[in-house]
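Below is one structure, written out as structure tokens; comments come after it.
The values are calculated or read from the model by the stated rules, or taken from the named source; none is laboratory data. Note that the coordinates shown come from a computational prediction; the quantities given were computed from them, not determined experimentally. Neighbour counts are summed over all protein chains in view; Cβ atoms, including those assigned to glycine, are modelled from backbone coordinates with ideal geometry. All accessible areas refer to the heavy atoms of the entire protein, side chains included, with ligands and DNA or RNA removed. Shrake-Rupley method; radii C 1.70, N 1.55, O 1.52, S 1.80 Å.
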Amino acid sequence: MNTILITGVDKGIGRALMSTFLAEGYFVIGTFYADRPVSHERLKDFALDLGKPESIASCASAITNLGKPLDILVNNAGILADEEETNVVIEKLRKTLEVNLLGTIDFTQRLLPLMNVGSHIMNVSSTAGSLELVGKVSHFMGHYPAYKISKAALNMYTRTLALELKDRGVTVSSVHPGWVQTDIGGQEADLTPESAADAMYQLAISRPESGGFWFAGKRLPW
Ligand SMILES: NC(=O)c1ccc[n+]([C@@H]2O[C@H](COP(=O)([O-])OP(=O)(O)OC[C@H]3O[C@@H](n4cnc5c(N)ncnc54)[C@H](OP(=O)(O)O)[C@@H]3O)[C@@H](O)[C@H]2O)c1
């Protein structure tokens, strides 16, 4: 049975991804922050706060102790802390980088020994983090600089990790889920979490060239 680890399965895109992979017969290891996900015989859940190094260390070690090699890791959990801001607010930037970037990298590096040959690490990024698209996508034109900075840096982690793992047969991708109806995307967004999860499932099980940035099967500009 294939095994996937998804962060942030208690709501939004992560919860939809969890349902999709359970329906496809995967064993799912899911992390939650505030609320525990509903139980399932093929789900093992762990509390994780990506803003706290001690939580990252203990969650990664508990997952390692399960002794299950991973076929897919989806770094989905993330925050949008400066939605209303058009200027950098340093405390919000610090918090955003702690969760979306440093915590995500720390967690991932600790789990690398579990990644199978042929496995896939997907970092859930955003077109908001694209250097080429910044200022050109209307619904987030001038807003949330901290979030944009965090996703741009996460994209660079995708590239550096792809290089780090190139001889191990592990694919690393950044993926934009689309504009999705969640607490981060808002209810006026154009995709349901389920349809975003379907496209992400297709990317996860495909073997795209490592180090790419994807949305719905197409490459995005960095
Ligand atoms: N929705 C969009 O339009 C959109 C577009 C582009 C990219 N994204 C990305 O998609 C990913 C999922 O977001 P979403 O839209 O599904 O938003 P969401 O519904 O707010 O889900 C975010 C998830 O991250 C978890 N989380 C928050 N803080 C955390 C922390 N400190 N430690 C560990 N987990 C934490 C949340 O847990 P709690 O429920 O307990 O807070 C939740 O499970 C994010 O990386 C986001 O940046 C979303």
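Round to the nearest 10 and give me the degree value, 0 to 90, for the angle of helix 53-66's Cα axis relative to the longest principal axis of the chain.
Helix 53-66 and the main axis of the chain meet at about 30 degrees.
Could you tell me the distance between the Cα centroids of the range 201-222 and the range 49-101, to the nearest Å?
Using only Cα atoms to place each centre, the spacing works out to 22 Å.
How big is the dipole moment of the range 164-222 about its Cα centre under a simple scheme where the beta carbon of each Lys and Arg is +1, that of each Asp and Glu is -1, and everything else is neutral? Debye, nearest 20, please. Write out the running numbers ahead of the final one.
Details: 5 positive and 8 negative charges, 75 e Å.
In debye, rounded to 20, the range 164-222 gives about 360.
Please give the per residue accessible area of the chain, computed with a probe of 1.4 Å over protein heavy atoms only, in Å².
Working: 10320 Å² over 222 residues.
So the chain comes to 47 Å² accessible per residue, rounded to a whole number.
Work through the residues other than Arg94 whose Cβ is under 14 Å from its Cβ and net out their charges, Lys, Arg +1 and Asp, Glu -1.
Taking every other residue near Arg94 into account, the sum is -1.
Cα axis of helix 12-23 to longest principal axis of the chain: angle in degrees, 0 to 90, nearest 10?
The answer is roughly 30 degrees.
Starting from the Cα gyration tensor of the chain, take the square roots of the eigenvalues, sort them a ≥ b ≥ c, and report rounded, prolate or oblate (rounded when a/c is under 1.5, otherwise prolate if a/b is larger than b/c, else oblate).
On the way: a/c = 1.40, a/b = 1.34, b/c = 1.04.
Rounded is the answer for the chain, as its axis ratio a/c remains below 1.5.
Roughly what angle does helix 193-205 make with the longest principal axis of the chain, taking Cα atoms, 0 to 90 degrees, to the nearest 10?
60
With an 8 Å cut-off on Cα pairs and a minimum separation of 6 or more residues, tell me the relative contact order of the chain in percent.
Details: 437 pairs, mean separation 44.7, N = 222.
Once divided by the residue count of the chain, the mean separation gives 20 percent.
Protein chains only, probe 1.4 Å: how do Ser130, Ser210 rank by accessible area, largest first?
Details: Ser130 0, Ser210 50 Å².
Ranking Ser130, Ser210 by accessible area, largest first, yields Ser210, Ser130.
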